[in-house]
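The next block holds one structure in the form of structure tokens; read it before the comments.
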Amino acid sequence: MPPVRTRIAPSPTGDPHLGTAYIALFNRCFARRHGGSFVLRIEDTDRERSSRQSEDKILQALRWLGLDWDEGPGRDGGKGPYRQSERSAIYSDHIRILLEKSLAFPCFCDEKRLADLRREQIRLKQQPGYDGHCLGLSADETARRIENGERHVIRLRVPREGECVFQDLLRGEIRIQWSQVDMPVLIKSDGLPTYHFANVVDDRLMEISHVIRGEEWISSVPKHVLLYDSFGWNRPVFCHMPLLRNPDKSKLSKRKNPTSIGYYQAMGYLPQALRNYLGTMGWSMPDGEEKFSLAEMEARFDLKRVSLGGPIFDREKLDWLNGRYLREDLDDAEFVKHFAEWAFQPGLIEQITPLVRQRVSRFSDVTGLAGHFLQGELALTAEDFTHKHLDQDACRRILLFSLWSLEALPDWNRDAIEAGFQQLAENMEFKIRDFLFPLFVAVSGKPVSLSVFDSIAVLGLDLTRARLRAAIEALGGISGKQQKKLEKEFQSESP
Ligand code: GLU
């Protein structure tokens with residue numbers, strides 16, 4: 001048996017997600033259990049959406065959870081670089097092999113043709129997808145058009161008949177008709193690879209033996225196995241983990257549950273408790289014990305014990321487990337140490353100080369002004385939102401629209417937050433003073449406090465989102481139907 005090598009391959013396009021930590025944990029445990037290596041690879045082929053800032057946050061979050069990697073950025077194992085943006089030459093060499101064997105082909109179809117094709121396929125109730133148009137071009141014509149510098153992509157030639165058969169470690173044999181599989185783009189018109197191509201080439205070159213990832217990737221496997229087969233490479237073992245779910249069984253989403261690891265860090269959870277809780281997602285210790293360390297999980301890990309029923313990420317259960325860690329694992333001195341590390345986390349006090357310094361006469365005034373930075377969710381009721389010009393419905397709309405406008409902000413800073421709110425208040429036809437009232441209450445717990453823009457800038461999107469959502473709930477919540485209606489209204493009112 002070749003050595004076990006697993007990997008986590010996040011795309012740095014947003015905040016570090018609980019799902020990434022969950023998959024990283026299982027990959028790491030599997031590798032450790034079998035004396036293998038756990039690799040971290042950054043899949044940053046989408047240049048527009050990827051950022052170094054997001055990558056740094058993901059690495060920091062994995063380290064915080066104690067899920068560091070054996071190989072990856074900063075830990076060379078001889079199979080790097082571990083960032084796809086630094087591996088372009090490798091993809092160019094590999095696409096040439098497929099082009100020479102005509103297993104991939106240049107496609108010149110422009111966006112308009114593809115959009116028209118799609119529309120027509122939908123009208124005819126056919127499966128939308130590429131129709132193989134450029135496969136019909138002669139070699140001469142293709143060469144001439146490339147020579148002329150015509151924009152094109154490279155696609156994978158996918159059979160139109162028969163079925164793709166592959167094995168999943170947890171599900172056994174899976175069969176998917178080739179006619180259901182679109183001919184994917186492997187190289188984009190800018191010369192950069194897509195996820196499918198870079199992912200397979202890198203898994204191969206990094207000698208990944210087991211591809212353990214979320215079940216949302218099952219539908220991509222036919223494209224991947226076709227690539228392995230086209231290159232004449234052995235396929236790795238595929239294992240698709242069940243997706244994390246909200247308590248109502250829907251897919252874990254930030255609308256219903258905070259999904260960013262930063263949120264759990266900011267709320268003062270212990271990393272070992274969060275990691276332990278993620279270890280209970282679809283998996284259990286053979287003895288049924290719910291509290292276990294990473295070393296214990298690694299020592300007893302068995303992928304075959306993963307159950308496919310969607311694991312529920314339940315905050316109350318996490319709170320219970322975290323509480324056990326605080327009570328059972330920390331003595332007073334350790335509690336003080338961990339608490340101080342959390343409360344005085346680098347940067348927080350430095351950010352708060354200029355906001356409060358001019359407004360206090362004694363240190364004891366600070367907590368009254370800035371206490372909300374160290375609180376989790378605030379206990380608010382509908383009465384807290386009583387206002388002479390705004391009814392509850394107006395407060396709810398302001399809170400929800402503000403949240404959406406924050407989520408759309410390209411830069412997270414005080415001035416951008418202020419400008420966004422000014423614009424939104426104007427569009428919604430509220431005086432800015434009135435508009436800011438429910439935000440003050442939701443964010444700081446009081447109608448008058450430090451500037452709400454500063455507070456939000458310091459709290460960050462994760463905690464702010466949780467507070468705005470909690471405030472909306474305190475005001476009676478919003479049904480799915482109302483939310484849809486409001487989304488339309490928001491779109492027409494946002495600049
Ligand atoms: N870059 C993909 C992601 O963001 C990796 C998927 C995979 O593991 O193949 O999740």
| note | Subset of the stretch 425-453, residues assigned to a loop (DSSP other than H, G, I, E, B) and under 21 Å from residue 366 (Cα atoms), comes to 445, 446, 447, 448, 449, 450, 451
| request: Inspect the stretch 143-151 for any residue being within 16 Å of the ligand (Cβ to nearest atom), surrounded by 13 or more Cβ atoms within 10 Å (Cβ to Cβ) and over 22 Å from residue 47 (Cα atoms) and give the result as yes or no. | output: no
| Mind checking which residues of the stretch 11-48 are away from the ligand (no atom under 13 Å from the Cβ) and of a type in the set (S, T, N, Q)? | 37
| remark: Looking across the stretch 437-450 at residues that are at pLDDT below 95 and either over 20 Å from residue 266 (Cβ atoms) or of a type outside the set (Gly, Ala, Ser) (or both), the single one that is surrounded by the most Cβ atoms within 10 Å (Cβ to Cβ) is 450
| remark: Here the residues within the stretch 11-42 that are free of Cβ contacts under 8 Å to residues at least 40 places away in the same chain, surrounded by fewer than 19 Cβ atoms within 10 Å (Cβ to Cβ) and not in a loop (DSSP other than H, G, I, E, B) are none
| said: I need the full set of residues from the stretch 160-192 which are within 16 Å of the ligand (Cβ to nearest atom) and part of a loop (DSSP other than H, G, I, E, B), in order please. | reply: 169, 170, 184, 188, 192
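Just a yes or no: is a residue in the stretch 55-63 assigned to a loop (DSSP other than H, G, I, E, B), small (Gly, Ala, Ser) and over 30 Å from residue 155 (Cα atoms)?
We begin by selecting, within the stretch 55-63, every residue assigned to a loop (DSSP other than H, G, I, E, B); these are none.
No - not one qualifying residue is present in the stretch 55-63.
Identify, please: which residue in the stretch 1-10 is in a loop (DSSP other than H, G, I, E, B) and near the ligand (Cβ under 8 Å from one of its atoms) and is, among those, farthest from residue 246 (Cα to Cα)?
Going residue by residue through the stretch 1-10, those that are in a loop (DSSP other than H, G, I, E, B) are 1-4, 9-10.
So of that shortlist, the ones also near the ligand (Cβ under 8 Å from one of its atoms) come out as 9-10.
Details: 9: 24, 10: 22 Å.
Of everything passing the filter in the stretch 1-10, 9 is farthest from residue 246 (Cα to Cα).
Out of 456, 472, I need the residue that is modelled with pLDDT of 95 or more, closer than 24 Å to residue 374 by Cα and within 22 Å of the chain's Cα centre (by Cα). Which one? Step through it out loud before you land on a result.
Working: 472 fails: within 22 Å of the chain's Cα centre (by Cα).
456 is the lone residue from the list that is modelled with pLDDT of 95 or more, closer than 24 Å to residue 374 by Cα and within 22 Å of the chain's Cα centre (by Cα).
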| message | Report every pair of residues separated by at least 6 positions or lying on different chains whose Cβ atoms are under 7 Å apart, first residue within the stretch 193-217 and more than 8 Å from the ligand (Cβ to nearest atom), second part of a helix (DSSP H, G or I) and small (Gly, Ala, Ser). | response | 196/220
| field | Tally, over the stretch 222-250, of residues that are aliphatic (A, V, I, L, M), under 27 Å from residue 283 (Cα atoms) and out of contact with any Gly (no Cβ under 8 Å at 6 or more places or on another chain) | value | 1
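Are any residues in the stretch 43-54 small (Gly, Ala, Ser) and either crowded, with 20+ Cβ neighbours inside 10 Å or assigned to a helix (DSSP H, G or I) (or both), and if so, which ones? Show your work before the answer.
As a first pass, look at the stretch 43-54 and keep what is small (Gly, Ala, Ser): 50-51, 54.
Residues satisfying the conditions are 50, 54.
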| query | Which of the residues that make up the stretch 74-87 are surrounded by fewer than 17 Cβ atoms within 10 Å (Cβ to Cβ) and more than 24 Å from the chain's Cα centre (by Cα)? | reply | 76, 77, 78
| request: Report, by residue number, each residue of the stretch 49-72 that is without any contact (Cβ under 8 Å) to a residue 40 or more places away in the chain and within 15 Å of the ligand (Cβ to nearest atom). | output: 49, 50, 51, 59, 72
| residue 347: closer than 20 Å to residue 460 by Cβ, small (Gly, Ala, Ser) and surrounded by 12 or more Cβ atoms within 10 Å (Cβ to Cβ), yes or no? | no
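Just need a number here: residues in the stretch 350-362 that are surrounded by 11 or more Cβ atoms within 10 Å (Cβ to Cβ) and of a type in the set (D, E, K, R).
Matching residues across the stretch 350-362 total 1.
The values are calculated or read from the model by the stated rules, or taken from the named source; none is laboratory data. The structure displayed is predicted, hence computed values, not measured ones. As a convention, Cβ positions derive from the backbone with ideal geometry for all residues, glycine included, and neighbour counts pool all protein chains shown.
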